[in-house]
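Visitor: Please see the structure below; I have some questions.
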Amino acid sequence: MHNYLARRLLTVPLLLLGISLITFTLLNLAPGDPADILLRLQNPGVEPPREAVLAFRRELGLDDPLWTRYSRWLGQALMGDLGVSYRTGGPIVSELAQRLPATLLLAGASLGLAVLLGIPLGILAAVFKGSPMDGMARLLALAGATVPSYVLSLLLILAFAVTLHWLPAIGYGGIRHLVMPAVALSAGLAAQLMRLSRASLLETLTQDYMRTARAKGLRERTVVLRHGFKNALLPVVTITGIGMGHLLGGAVIVETIFGWPGVGKYAVDAIFLRDYPVVQAVVLYLAVIFLLVNFGVDVVYRWLDPRLDFAGRAG
Amino acid sequence: MPQPLQRFLRDPSALLGLAIITVAAAAALLAPLLAPQGPTLVDLERRLASPDRHFWLGADHLGRDVLSRVLYGARTTLGAAGLTLSVIMVIAVLVGILAGYHGGWLDTMLMALADLLLAFPALVLALAIAGTLGPSLLNVMMAVALVWWAGYARLIRGMVLSVRQREFVEAARAVGAGDWRIMVHHVLRNILGPMVVLVTLDMGLIILGLSGLSFLGLGSQPPTPEWGAMLNDGRPFLQSAPRLMLYPGAAICLVVLGFNLLGDGLRDLLDPTVVHGWKSPRRPG
């Protein structure tokens, strides 16, 4: 097991290298000369003279080949320096760190909500298969898979902020600000978890060891929860991990709608202002989180099912 | 009547899905005939006008007819999603067959690239690419296609590997069929069933992705009618005219619902491993 996990951990830097190389190349193909943009920022309203731009390009090392620039960027990134924002001139690392708590709060609340809603509802739907309860759960799961977070966000604002005045429409602050963005962001994942835990539990309930557990005279609740659910949990853990990545992606849209000062909004603002170093940094940061979460999922997976032999699995 | 078709006709939710998609496709194709007026015709006198007998859904903040924009929006949204999916399929089929049939270093490299893309949330990467290329519908479509092919390519490669060993492929080779002919005629035909299910379910996801990026302002640009962009246009009028955002929002949800229902029905039909009625969700990759 440790062997597998160690090898798995080793692939993380390789994947990060790949992701950063792709985004770096892309951003360097993008139109707009960073030297020109920076000079305009430093002297607002002044058309930078051609020679100044060229000199500044040399100073920034922008005329070096792509490979040189990438290794320089990588070296700095490894030292914890992700460069300077074109827009504010401030170091990106600290700007990112400033916005991180808001995003983690939103993503964490959404993940918790999705797990607490989706998994119990899925279990109930499976245990009472064919009942009105099951039908309700199916409807909810379909709705969650169908209504995108941006439509749900607007509907929530319309209902609870504009019409009922119960919650603030936008902004960042107490728990009242958190409710709507968290619900909007969690709906899709909750629906997915509900479908999966239902299907997975139903599949498990037909296994031989379930019959054995019942034959031993265990109470039905113990049979379902201890023997059934623990085994049904495996695919649910995987989807939760993958869902975490999608939460971070979805947070980009939800944060923009609710004016939530997180990393997602930072990225969207940067995209519109062509603040490429920031875009590059955010993509890298998301990749790190995503890969680490995936790694964590693998560890949990292994702990849940010691039978698994990862040696034969590619990754 | 063949049995699967009968089963399909007895599945009310799949039929509902098919009906929704048919209506949406008809709206897209017949938009010029159905729309009361041009989708970009500005009439400031009718700014935010309420629905009436002639203009059933009222007018938007520039006095443009909302019904016409929703109908033409079906064109943009469905057309863009369909085109994107076609590009994805072309890339995926080429990569999948090349990797599966050629094997060796080419296989290793292509699949490493696919894993790299699969290891990352598609929307974030698409956002970064679209942001780099600059806001436009075509750029967003390219961005989505570039990050979406990997799952299909893996699937096709896996099937190529398993089909390659089967007798009918050897038989085809024995009678002198070339590699390419074998791939197209024998391999692709055998993976058609699972692909149809995946493609139907993915249409919904791609529509959500494209509209989401357009909602952010990265995709479709004004005055082109597109549902995600219309939703964004309606945001400032959430209080005074919520219908501006309700209609395009409902349109997106309906079409996605249609593809989800149809996809689920087709999976029941084509995939014998489905358990107990309402299906396990697709596992990524």
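The values are calculated or read from the model by the stated rules, or taken from the named source; none is laboratory data. Keep in mind that what you see is a predicted model, and the values were worked out from it rather than measured. Here the Cβ positions follow ideal geometry from the backbone for every residue, glycine too, while neighbour counts run over all protein chains shown.
Visitor: Between residues in region B:49-70 that are free of Cβ contacts under 8 Å to residues at least 60 places away in the same chain and more than 17 Å from residue B:31 (Cβ to Cβ) and residues that are of a type in the set (Val, Ile, Thr) and crowded, with 23+ Cβ neighbours inside 10 Å, which pairs lie under 8 Å by C-beta distance while being six or more apart or on different chains?
Guide: B:59/B:66
Visitor: Continuing with the same structure: Is it the case that residue B:189 is assigned to a helix (DSSP H, G or I) and more than 14 Å from chain A (Cβ to nearest Cβ)?
Guide: yes
Visitor: A further question follows. Name the residues in region B:129-142 that are crowded, with 20+ Cβ neighbours inside 10 Å, facing another protein chain (nearest Cβ under 10 Å) and in contact (Cβ under 8 Å) with a residue 12 or more places away in the chain, would you?
Guide: If the condition is that a residue be crowded, with 20+ Cβ neighbours inside 10 Å, facing another protein chain (nearest Cβ under 10 Å) and in contact (Cβ under 8 Å) with a residue 12 or more places away in the chain, then B:129, B:130, B:131 are the ones that fit.
Visitor: Name the residue that is nearest to the other protein chains (Cβ to nearest Cβ), counting only residues in region A:1-52 that are within 19 Å of residue A:88 (Cα to Cα) and touching a Leu at 6+ places or on another chain (Cβ under 7 Å).
Guide: The residue in question is A:34.
Yes/no matrix, rows are residues, columns are (1) closer than 19 Å to residue A:89 by Cβ; (2) part of a helix (DSSP H, G or I); (3) more than 11 Å from chain B (Cβ to nearest Cβ):
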| residue | (1), (2), (3) |
| --- | --- |
| A:260 | no, no, yes |
| A:265 | no, yes, no |
| A:269 | yes, yes, no |
| A:283 | no, yes, no |
| A:286 | no, yes, no |
| A:293 | no, yes, no |
| A:296 | no, yes, yes |
| A:302 | no, yes, yes |
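Visitor: Which of the residues spanning region A:138-175 are touching a Pro at 6+ places or on another chain (Cβ under 6 Å) and more than 10 Å from chain B (Cβ to nearest Cβ)?
Guide: Result: A:172, single match.
Here is a yes/no grid of residues against (1) at pLDDT below 85; (2) among the polar types (S, T, N, Q):
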site: A:10; (1), (2): yes, no
site: A:71; (1), (2): no, yes
site: A:88; (1), (2): yes, yes
site: A:111; (1), (2): no, no
site: A:118; (1), (2): no, no
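Visitor: Here's another thing I want to ask about it. Are any residues in region B:105-142 within 23 Å of residue A:17 (Cα to Cα) and of a type outside the set (A, V, I, L, M), and if so, which ones?
Guide: Scanning region B:105-142 gives B:105, B:107, B:108, B:115, B:120, B:121, B:131, B:132.
Visitor: Could I ask something else about it? Just to be sure before I move on: is residue B:277 at pLDDT below 85 and at the interface with chain A (Cβ under 9 Å from one of its Cβ atoms) in the structure I sent?
Guide: So residue B:277 passes the test.
Visitor: Got a sec? Which of A:189, A:202 is within 14 Å of chain B (Cβ to nearest Cβ), in contact (Cβ under 8 Å) with a residue 24 or more places away in the chain and within 26 Å of the chain's Cα centre (by Cα)?
Guide: Answer to the selection: A:189.
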